[in-house]
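The values are calculated or read from the model by the stated rules, or taken from the named source; none is laboratory data. Fair warning: this is a prediction, and the values are worked out from it, not measured in the lab. Cβ: placed from backbone, ideal geometry, glycine included. Neighbour counts: every protein chain shown.
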Amino acid sequence: MLSETGFVRKRVLVTGGAGFLGSHLCERLLADGHDVLCVDNYFTGAKDNIAPLFASANFEALRHDISTPLMAEVDEIYNLACPASPRHYQYDPVQTLKTSVLGAIHMLGIARRTGARAFQASTSEVYGDPDVHPQPEDYCGNVNPLGPRACYDEGKRCAETLFFDHRRKHGTSIKVVRIFNTYGPRMHPEDGRVVSNFITQALRGQDITLYGDGSQTRAFCYVSDMIEGFVRMMRTPDDVTGPVNLGNPHELTVRDLAERILALTGSRSKLVFAALPQDDPTQRCPDIGRAKALLDWQPTVELDEGLTRTIAYFDALLGGRRARLSVPATG
Ligand code: NAD
Ligand code: UDP
């Protein structure tokens, strides 16, 4: 719909819209004036994440599993549905593969029939345990197809293949981004991911569990930066397909992260060591040259600022534990 100012209101389908990233994306799209249909089966997402959005007449939600067919008349599709943390995607690995592969087939089917533009939330996991560092988009990766992470990694790789085959065969308008570790409010408190684990452990005064010796590296992007990257990618001309890495190139060890969180929460939790999960990547950091060039995008939220906001979120969720910690924050 074209308004008097020339703004074009789009009908946008967001799969996984009740999840962590999806709910922030729905919120942003509504704020931009679009009409948003959230599709989610609430496996790891929550109605609480989207409850405030129902205040807008432009928001609707449908409980649906995208591994089964769906038809919708839309202009754009953001395909985010898929459990993202190792604990959740390994819970039912066959369903994880179905969600990635059949979900991509169904969303691309909608795109083909309606002419909608299709965006795929891919992942740094397509690079596996990388032997090129930092990872550029033309690196093909080092994935173990038989290991416990394969249901996620190979599912996402296959989804990318489907997107590019649809582009070649049917001319579908596609946008593929590879998301690196992202954190912020509305992460699932029990997802087992490093940021949520360390913050909830610190706030509860429990031991901080470092897997391995904590020397493996990651680079953490705050959620608002990631959503800005999504929206910029969707707006690019038709010939920009990606893949484009989105993530924060500030790399640190998992141990460094634990120490930042201890300082920012003022927690007296101790660091303890536990077994490193199989196929856990030893280092990961995005090369974001392509995102800078094509999207004029780079993260703006510093780690301490993003962690402070995320700690406040978890603190409220846990009922104000931080206020009861005996040592003042030093971060
Ligand atoms: P999340 O688990 O919070 O969100 C995923 C959402 O998808 C949930 O609401 C869940 O209920 C829904 N879902 C799962 N299977 C479904 C199905 N079959 N049908 C319909 N809905 C389904 O995870 P997130 O962190 O918000 O991740 C969103 C997307 O971004 C995922 O595709 C993930 O692979 C990708 N990603 C995230 C990160 C990150 O660091 N957060 C990194 C790389 C890639
Ligand atoms: N990790 C850890 N302790 C935890 C949770 C995770 O040391 O309590 C490590 C994990 O082994 C990995 C890194 O932190 O090396 C990031 O893990 P996460 O599951 O958040 O994301 P991914 O491995 O998918 O990047």
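The rows are residues; the columns are (1) free of Cβ contacts under 8 Å to residues at least 24 places away in the same chain; (2) more than 9 Å from ligand 2 (Cβ to nearest atom); (3) loosely packed, with under 15 Cβ neighbours inside 10 Å; (4) assigned to a loop (DSSP other than H, G, I, E, B).
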site	(1), (2), (3), (4)
Thr200	no, yes, no, no
Arg218	no, no, no, no
Asp225	no, yes, no, no
Pro237	yes, yes, yes, yes
Gly242	no, yes, no, yes
Arg255	no, no, no, no
Glu259	yes, yes, no, no
Ser267	no, yes, no, yes
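Among the residues making up the stretch 168-180, those that are surrounded by fewer than 23 Cβ atoms within 10 Å (Cβ to Cβ) and assigned to a loop (DSSP other than H, G, I, E, B) are Gly171, Thr172, Ser173. Among residues of the stretch 108-135 that are over 24 Å from Gly147 (Cα atoms), those with a Cβ under 6 angstrom from a residue that is aromatic (Phe, Trp, Tyr), sequence gap 6+ or separate chain, pair up as Phe119/Tyr78. Whenever a residue of the stretch 1-23 is at pLDDT 95 or above, its partners that are of a type in the set (Asp, Glu) and near ligand 1 (Cβ under 6 Å from one of its atoms), lying with C-beta atoms within less than 8 angstrom and at least six residues away or across chains, give the pairs Thr15/Asp40; Gly16/Asp40; Gly17/Asp40; Ala18/Asp40; Gly19/Asp40; Gly22/Asp40.
In the stretch 63-94, of all residues being under 21 Å from Phe119 (Cα atoms), surrounded by 14 or more Cβ atoms within 10 Å (Cβ to Cβ) and over 18 Å from the mean Cα position of the chain (by Cα), the one that is farthest from ligand 2 (Cβ to nearest atom) corresponds to Asp75.
Here is the figure for the stretch 116-167: residues that are among the acidic types (Asp, Glu), within 16 Å of ligand 1 (Cβ to nearest atom), closer than 20 Å to Thr282 by Cβ and assigned to a loop (DSSP other than H, G, I, E, B) total 1. Restricting the first member to the stretch 47-70 and to residues that are in contact (Cβ under 8 Å) with a residue 40 or more places away in the chain and within 16 Å of His34 (Cα to Cα), and the second to residues that are surrounded by 16 or more Cβ atoms within 10 Å (Cβ to Cβ) and small (Gly, Ala, Ser), the beta-carbon pairs closer than 8 Å and six or more apart or on different chains are Ala61/Gly17; Ala61/Ala18. Of Thr96, Thr68, all but one fail to be within 10 Å of ligand 1 (Cβ to nearest atom) and part of a helix (DSSP H, G or I); the exception is Thr96. Residues in the stretch 278-298 that are more than 30 Å from Gly147 (Cβ to Cβ) and in a loop (DSSP other than H, G, I, E, B): Asp296, Trp297, Gln298.
Yes/no per residue for (1) within 14 Å of ligand 1 (Cβ to nearest atom); (2) at pLDDT below 95; (3) of a type outside the set (A, V, I, L, M):
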position: Lys175; (1), (2), (3): yes, no, yes
position: Tyr183; (1), (2), (3): yes, no, yes
position: Phe198; (1), (2), (3): no, no, yes
position: Ile208; (1), (2), (3): no, no, no
position: Gly214; (1), (2), (3): no, no, yes
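In the stretch 276-305, the residues that are over 20 Å from Ser224 (Cα atoms) and in contact (Cβ under 8 Å) with a residue 40 or more places away in the chain reach residues that are assigned to a helix (DSSP H, G or I) and within 16 Å of ligand 1 (Cβ to nearest atom) with C-beta atoms within less than 7 angstrom, at least six apart or across chains, in these pairs: Pro277/Pro86; Arg284/Ser124.
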